[in-house]
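Visitor: Input: one structure, supplied below.
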Amino acid sequence: MSTRRPASTEELSAILAEASTSATPVIMVGGGTGLAGATEPDAGEIVISTDHLTQLGAVDPVTAQVTAGAGVTLASLNRHAREAGFEFPLDLGARDSATVGGMAGTNAGGALAWRFGSMRQLVAGVEAVLADGSVIGSLTGLSKDNAGYSLTGLLVGSEGTLAAISALRLSLVPRMDSRATALVKTATIADAVALMAHLRSNCPDLIACDFVHSRALRLSADRIAVRPPLPSEDGWFAVVELGAPSGDLLPQLTSALESANRVVATAIAADADQRAAIWKVRDALTEACDATGNEHKLDIAVPVNRLAELETAIRAAIESTGGSQDDAMIWGHLADGNVHLAPLFGLAGDDQLELKILEAVSELEGSIAAEHGVGRDRLELIGLSRSDAELKAMAAIRKALDPKGILASGRAVPR
Ligand code: MLT
Ligand code: ZN
């Protein structure tokens, strides 16, 4: 394994042209925060790190766009955008290390995706290098451009299998300096879904509505020694946030929560510290699960109105494999029907359990790979979410763009 660190598109192009000539497999690696096992290199694979592709253009206030190299981290993009009065409306716990190139590769989502879109909606243009070294794409950021297929739409979410992304034109929104945040407890996941629907109808400034099951909330809070503002006995906790460029959002949040049905308890953050405490517990979930020694998680999605059925199926699968319900850490993004499930302790590494759950997801017309990508971890099971005809179409696209099969081999979609 050798690592190359191109500092320009030309250097990236030369590396790929060389790899193509010698038919050497390559893998693009950004911040290494991916959650689908995609960036672990094989022996003999050239690792192309985007570490040095960190150019960041000036924010264009007219189009509310900025051009960023693939290796720019989400945190540095947002620092840059904020200085100009804007922000990039996609947020993840791994914001300090995750790079925009990697996030585009996996079509990352996160807490704000239901409102502002996943990466595919936020990428206004892509510059990328094909396996043979040719450079394609455009960073002009045209919002209307239907001259042929959308290569931007195709490359975002292709997990490095079709081309190596070198730079992106990204859409921004005005900086949301005003926030209002609450932790809201409901008894059931169906009540949490009803709460989300109520808030979406009554809070025009709602930007996030994540959910965390009490056991996961306790694990995370214990890990970072932060006390959540509500007692974490059995139930579901919605992490709710409103955001806008200016104005006091508390009246909007308070009145919507007062008129919500089936809410058990509510804690509205009174200041920036309380708001930070809610998000710290929310953001530490991955770290808390990983710290138990099992980094493996499911990242699944079902139509939102079927989330309760999914929970029933998860509980039944655990029951049938003789596991403890206490060992299932569940959280996710309500409006996307996106569930993260970390089977820990006695459930860790139970392949039968995972298969049962993924089959249930398929029956519920959901996705076995919601926002973290397929990578290596979900490649064998992609047929649970895609038909044979769809997989054939994907393989044909892959072969057409990378005939020698040097890009991200063994990941994302079958060849
Ligand atoms: C999250 O929402 O916490 C992330 O997608 C990360 C994870 O699932 O580990
Ligand atoms: Zn997530």
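The values are calculated or read from the model by the stated rules, or taken from the named source; none is laboratory data. All values reported here derive from a predicted model rather than from experimental measurement. Here the Cβ positions follow ideal geometry from the backbone for every residue, glycine too, while neighbour counts run over all protein chains shown. Heads up: the accessible areas ignore ligands, DNA and RNA and are worked out on the full protein's heavy atoms, side chains in. Shrake-Rupley method; radii C 1.70, N 1.55, O 1.52, S 1.80 Å.
Visitor: From the residues in region 256-312 that are open to solvent by 20 Å² or more (accessible area, probe 1.4 Å) and of a type in the set (Lys, Arg), which one is farthest from ligand 2 (Cβ to nearest atom)?
Guide: Among residues in region 256-312 that are open to solvent by 20 Å² or more (accessible area, probe 1.4 Å) and of a type in the set (Lys, Arg), the one farthest from ligand 2 (Cβ to nearest atom) is Arg262.
For (1) under 22 Å from Val374 (Cα atoms); (2) in a strand (DSSP E or B); (3) within 16 Å of ligand 1 (Cβ to nearest atom); (4) in contact with a strand residue (DSSP E or B) (Cβ under 8 Å, 6 or more places away or on another chain), each residue gets a yes or a no:
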| position | (1), (2), (3), (4) |
| --- | --- |
| Asp248 | no, no, no, yes |
| Pro251 | no, no, no, no |
| Ala256 | no, no, no, no |
| Arg262 | no, no, no, yes |
| Ala276 | no, no, no, no |
| Cys289 | yes, no, yes, yes |
| Glu295 | yes, no, yes, no |
| Glu309 | no, no, no, no |
| Leu353 | yes, no, no, yes |
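Visitor: Now for a separate question. Which ones in region 325-351 are assigned to a loop (DSSP other than H, G, I, E, B) and open to solvent by 10 Å² or more (accessible area, probe 1.4 Å)?
Guide: Once the filter is applied, which keeps residues that are assigned to a loop (DSSP other than H, G, I, E, B) and open to solvent by 10 Å² or more (accessible area, probe 1.4 Å), region 325-351 yields Ala348, Gly349, Asp350.
Visitor: For residues in region 352-402 being over 15 Å from His296 (Cβ atoms) and touching a Lys or Arg at 6+ places or on another chain (Cβ under 7 Å), which is most open to solvent (accessible area, probe 1.4 Å)?
Guide: Lys399
Visitor: Quick test for you: out of Ala108, Ala104, Ala128, Ala163, pick the one residue that is within 16 Å of ligand 2 (Cβ to nearest atom), touching a helix residue (DSSP H, G or I) at 6+ places or on another chain (Cβ under 6 Å) and modelled with pLDDT of 95 or more.
Guide: Ala108
Visitor: A further question follows. Regarding region 313-324, can at least one residue be identified that is open to solvent by 20 Å² or more (accessible area, probe 1.4 Å), part of a helix (DSSP H, G or I), within 15 Å of ligand 2 (Cβ to nearest atom) and of a type in the set (Asp, Glu)?
Guide: no
Visitor: Would you check which residues across region 118-132 are among the small types (Gly, Ala, Ser), open to solvent by 10 Å² or more (accessible area, probe 1.4 Å) and farther than 19 Å from Leu56 by Cα and list them?
Guide: Ser118
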